[in-house]
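Below is one structure, written out as structure tokens; the observations come after it.
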4 protein chains.
Amino acid sequence: MSGITNTETPINVVVWGENRHEQVEQSVRDIYPNGMHTTIKEGIEENLGSDVQVTTVTLDDPEHGLTEEVLAATDVLVWWGHAAHDEVSDEVVERVHKHVLAGMGLLVLHSGHWSKIFGKLMGTSCTLRWRSEQDRELVWTVDPTHPIAQGIPHPFIIPAQEMYGEYFDVPAPDELIFLSTFTGGEVFRSGMTYRRGFGKIFFFSPGDQDYPVYHQKEVRKVIANGVQWAKTLRPERAAPVLLRYETEDFYNGHGYQGAISN
Amino acid sequence: MSGITNTETPINVVVWGENRHEQVEQSVRDIYPNGMHTTIKEGIEENLGSDVQVTTVTLDDPEHGLTEEVLAATDVLVWWGHAAHDEVSDEVVERVHKHVLAGMGLLVLHSGHWSKIFGKLMGTSCTLRWRSEQDRELVWTVDPTHPIAQGIPHPFIIPAQEMYGEYFDVPAPDELIFLSTFTGGEVFRSGMTYRRGFGKIFFFSPGDQDYPVYHQKEVRKVIANGVQWAKTLRPERAAPVLLRYETEDFYNGHGYQGAISN
Amino acid sequence: MSGITNTETPINVVVWGENRHEQVEQSVRDIYPNGMHTTIKEGIEENLGSDVQVTTVTLDDPEHGLTEEVLAATDVLVWWGHAAHDEVSDEVVERVHKHVLAGMGLLVLHSGHWSKIFGKLMGTSCTLRWRSEQDRELVWTVDPTHPIAQGIPHPFIIPAQEMYGEYFDVPAPDELIFLSTFTGGEVFRSGMTYRRGFGKIFFFSPGDQDYPVYHQKEVRKVIANGVQWAKTLRPERAAPVLLRYETEDFYNGHGYQGAISN
Amino acid sequence: MSGITNTETPINVVVWGENRHEQVEQSVRDIYPNGMHTTIKEGIEENLGSDVQVTTVTLDDPEHGLTEEVLAATDVLVWWGHAAHDEVSDEVVERVHKHVLAGMGLLVLHSGHWSKIFGKLMGTSCTLRWRSEQDRELVWTVDPTHPIAQGIPHPFIIPAQEMYGEYFDVPAPDELIFLSTFTGGEVFRSGMTYRRGFGKIFFFSPGDQDYPVYHQKEVRKVIANGVQWAKTLRPERAAPVLLRYETEDFYNGHGYQGAISN
């Protein structure tokens, strides 16, 4: 990625932050005085500079900040939520889902594993084991040629973190990039990619409201790499469709006119 | 599989049939006089004999025949639907989904690709290209050691079939077993497996209300193999859960007490 | 697997042991007085009883005990080597390779990761990081529906073990079943499957000459599960071949008669 | 990829051509008057312009043109061979293999499926079914977000081609990008990626000495996309190694001093 200059318009990134812990817990505000979403945003900008244009929206914004207009203009959506997954409206989840299938990239961070949108895309419970007791987390690369792993030490060390452990109930990933271990001996598939429709999804588990993880250089680099990777290479936003194709006409599908003939 | 005698109770299979085409189209009744679900059931019994106990339920049954009691006693659910996907209640879909994640096997046949339950498990649009014009379908094995491919000729030939073609918008499968080609030159990933939660899912595309596909020997053998494969080996039906584990206590997780501490 | 009685002839298993440490190191003899291969054999028999017939051969046997006759009669070969990989003759490696592609199952244990046969099947360097310092190894299941994971605690604990850590230079596995962590914080993909030709391969990393790992119940159960899984379901031993097929003759290939026409 | 300008040194590509058919068959010379390797080279240059620097070498060059110096300076090697696989020296194959594991990209085209280097990297027989009878080949995309699929029509049509059909005895790919069908109804996994060591490998089956396939626009675009994809993102050429790491020293491995302690 280094050495390549993007001469096009920058990648449009929206960081979605739940922004609830920051309002009610002083300890979280101490770590993330402008909200976790702001710190995540700054980490992306720090790495990608003018190749990226990052904005933030939060749960309390109208339509959670994720209107049709916003999503249509978003190349990559970054999602952090935890305490208020249930407050995210089904309508917005449906809208985000539609855009992912049509080609919008999605990064799901840490406790976003239990968000409605991640569950809807995975089809599983997305449950795991956890403990918040200052475990050290080591993040190891097992797919060293992957774009998201470039420039990341093997391993990198997060001095204190919430433990997320297996079994993590998600589909086997398309690519397993990172594995994390914890002081207590637990293991977690901490960096994984999925394609759904025309969208590219990267789940990355490090990051928590109680630890300054999103201030850490390596974590910020991984997220920035993920943003670059998740931006679609396809020229337009359009969801897969079901169409009928006549014999020898491979390119002009036509619409479905009902499942029963009469 | 051959040469192994099951000394336990037989596999409990429920074939779910939409049973609508059969009611309104004489041409379908001519092929499947007792309903497609009955023919599918007979194909499984023909292959597995006393190793299996198969029942059928249909859309018009109370709760579509898929009560909590029925599902709890079902090892493998086989699903055929087409014209009335929307009439399947969300509540029943939720219940089936829960049982799949907890370990119930699921076979999704042909037009079931657009069923609510398959879409919910895949997270994608499950769209494809299609044409019903008597194409010949050739089914080729690309995972020759897989249990589901045993005893299946390479290729086997379906004389006339609806064409299902790529791009099929589903996640990359855990295992790609069969590829189909059609007279018109289209291709389809026609046999694929997925694990979701503790459940095993097999999608198999051959089969349509307008063609006698479920009377064909090879198709019946594949479905029977799929039933054997999809039955869980785990001893009990239980969904994955999110639990907290204290350091050095690897086996006694305890429940979640809310995401925000105060 | 439990509850199923094999009414056919038992699975023929050959445990191949290098048997060198046992000859020169008293400490190894103390742990494995009859050789590591014997302990491995006993673990398989303990779990599978009359469903299996296990023999052992070693490096010092003529042709390392792996004659054409022996291999032709072997359903599953279990491989443990370490100090003398280079002494295994290329001819025997070629022979084993041919039988794996033709359908013989193969279990590669621990330091077998650097054996000639494993390298030949993987195509990579099969290198890793390691340390022998009494680390505790925790083995976690990440594919809970897999036959090889049945009856295995999550996690299971090996009190003292050699550390094997990532990056392990092997192809991304077909199935990732187990992940191991070590006291030092390292992680390893410790249980993985691969299909090559018509053969099924299971790599399982726990096990070392300096620790009594092959006496441990859970390790023995995993290896026994692996044996059952690796036995092919295909009816005959035959390698894939390159054949010409005339149009519309899908079943009668004929031999290759040279790449250049004149 | 479009819209991105490479400001670094161009990708160094070497096209290796067997160049035997061209010497002995007038029909091949008519299609590829300057050798197939030259046409392949021109197709890459046509698409990538100044982002690439392409040279060609052939079997008859000293060391087949693949000296240590040449390989050390090669980002991506493109391989076409057919009639003379056996004449490629084992020493050169070993050298190419070493460079792939250390990070050199490799494109294997068409009949290269049976080359020594591809077999060594795959670990399988790489056999298939075939027929050269002017079948039309349709190439379908099943991984629409993949970089190699960008700008490629779905499907694209090769008017006349050699048929390559399943079962193709290769490992399940890391990514399945293209599927081909033929007039006769056969199917082939025609575009697949593999990671081996630190190297990225793309196999692409269209292309034959008897058909003008490498003059076709879409085929040239796929190969050019493959070249861009296969170039490593890692900063240096170095193979994976086996090293010992002391506890808490994650970054300074030291060499192996023999498998047996005394």
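The values are calculated or read from the model by the stated rules, or taken from the named source; none is laboratory data. Here the structure is a predicted model, which is why all the values come from computation and not from measurement. Ideal geometry is used to build each Cβ from the backbone, glycine not excepted, and the neighbour counts take in all protein chains shown. When the accessible area is computed, the model is the full protein with side chains, heavy atoms only, and any ligands, DNA or RNA have been set aside. Shrake-Rupley method; radii C 1.70, N 1.55, O 1.52, S 1.80 Å.
Remark: the stretch B:11-255 carries 31 Å² of accessible area per residue (probe radius 1.4 Å; ligands, DNA and RNA excluded). Annotation: peptides D:241-247, A:37-43, ranked by per-residue average of other Cβ atoms within 10 Å with the highest first, follow the order A:37-43, D:241-247. For the stretch D:221-239, backbone nitrogen atoms closer than 18 Å to the point 7 Å from D:Asn34 Cα along Cα-to-C-beta are found at D:221, D:224. Taking Lys and Arg as +1 and Asp and Glu as -1, the other residues whose beta-carbon sits under 15 Å from that of C:Glu246 total -3. Take D:Ala73, move 7 Å from Cα toward the beta carbon, and the resulting point lies 5.0, 5.9, 7.7 nm from the same point in each other copy, nearest first. Shown for D:Glu248: label points 7 Å from Cα along the beta-carbon vector, and their distances to the equivalent points in the other copies, 1.9, 7.6, 7.7 nm in ascending order. Listed by chain and number, the aspartates and glutamates whose alpha-carbon sits under 17 Å from that of A:Lys116, ignoring those within fewer than 8 places in the same chain, are A:Glu18, A:Asp60, A:Glu63, A:Asp86, A:Glu87, A:Asp90, A:Glu91, A:Glu94, A:Asp169, B:Asp90, B:Glu94.
Inter-chain neighbour count for C:78-88: the average number of beta-carbon atoms from partner chains within 10 Å of each residue's beta-carbon is 1. Burial annotation for the stretch D:129-146: residues with an accessible-area loss of at least 40 Å² between the isolated chain and the complete set of protein chains, computed on heavy atoms with a 1.4 Å probe, are D:Arg129, D:Trp130, D:Arg131, D:Arg136, D:Trp140, D:Val142, D:Pro144, D:Thr145.
Rounded to the nearest whole Hz, the Karplus-based 3J(HN,Hα) values (6.51 cos²θ - 1.76 cosθ + 1.60, θ = phi - 60°) of the stretch B:190-198 follow the sequence 9, x, 9, 10, 9, 9, 9, x, 9, with x at glycine and proline.
In chain B, the DSSP-assigned H stretches of four residues or longer account for a calculated mean residue ellipticity at 222 nm of -6500 deg cm²/dmol, using -39500 (n - 2.57) per stretch and the full residue count as denominator.
Taking the Cα centre of chain A as origin and assigning +1 to Lys and Arg Cβ atoms and -1 to Asp and Glu Cβ atoms, the resulting dipole is close to 500 debye. DSSP finds beta bridges in the stretch D:11-255, and of those with both partners inside it, around 55 percent are antiparallel.
The accessible-area loss of the stretch D:236-254 on complex formation, taken against its chain alone with a 1.4 Å probe, reaches 30 Å² or more at D:Pro240, D:Leu242, D:Arg244, D:Tyr245, D:Thr247, D:Glu248, D:Phe250, D:Tyr251. Computing FRET efficiency as 1/(1 + (r/R0)^6) for B:Gln134 and A:Ala72, where r is the C-beta to C-beta distance and R0 is 51 Å, gives about 0.75. When the surface is traced with a 1.4 Å probe over the full set of protein chains, B:Val170 keeps roughly 10 Å² accessible. For the protein assembly as shown, a crude dipole built from +1 on the beta carbon of Lys and Arg and -1 on the beta carbon of Asp and Glu, taken about the Cα centre, is about 0 debye to the nearest 20. Taking only the Cα atoms of the stretch A:11-255, the ratio Rg/Rh comes out at 0.98, with Rh defined as the Kirkwood radius. Close amide H contacts of A:Val52 (hydrogens built in the peptide plane, cut-off under 5 Å, sequence separation of 5 or more or a different chain): A:Ile11.
Against chain C, whose longest principal axis is taken from its Cα atoms, helix C:90-102 shows a tilt of about 70°. Beta-bridge orientation, the stretch A:69-169: approximately 65 percent antiparallel, per DSSP, counting only bridges with both partners inside. Database remark: amide H of C:Ile177 closer than 5 angstrom to the amide H of C:Gly191, C:Met192, C:Thr193 (H placed geometrically; neighbours at sequence offset of 5 or more, or on other chains; Pro and chain starts carry no H).
Once C-alpha pairs closer than 8 Å and six or more residues apart are averaged by separation and normalised to the residue number of the stretch A:11-255, the relative contact order reads 22 percent. Expressed as a whole percent, the accessible area of chain C that falls on carbon and sulfur atoms is 49 (1.4 Å probe).
With one equal scatterer per alpha carbon and no solvent term, the Debye-computed log10 I(q)/I(0) for the protein assembly as shown at 0.07, 0.09 1/Å reads -0.61, -1.07. Quick check on the protein assembly as shown: of the DSSP beta bridges with both residues there, what percent are antiparallel, nearest 5%? So the antiparallel bridges amount to about 55 percent of the total. Pairing chain D with chain A buries about 2500 Å² of accessible area. This figure sums both sides and uses a 1.4 Å probe.
Other residues lying with their Cβ under 11 Å from the Cβ of A:Pro10 contribute a combined charge of -3, Lys and Arg counting +1, Asp and Glu -1.
Give me the log10 of I(q) over I(0) for the stretch C:48-181 at q = 0.09, 0.16, 0.20, 0.21 Å⁻¹, as the Debye formula computes it from C-alpha points; what are the numbers? Evaluating at q = 0.09, 0.16, 0.20, 0.21 Å⁻¹ gives log10 I(q)/I(0) of -0.32, -1.02, -1.38, -1.42.
For A:Lys98, the solvent-accessible surface computed with a 1.4 Å probe is close to 100 Å², ligands and nucleic acids excluded.
Cross-link partners for B:Lys217 among the lysines, with Cα-Cα distance under 18 Å and sequence neighbours closer than 8 places in the same chain left out: B:Lys41. The long axis of helix B:217-230 is offset from the longest Cα principal axis of chain B by roughly 0 degrees. For the residues of C:115-127, the average number of beta carbons from a partner chain within 10 Å of their own beta carbon is 5.
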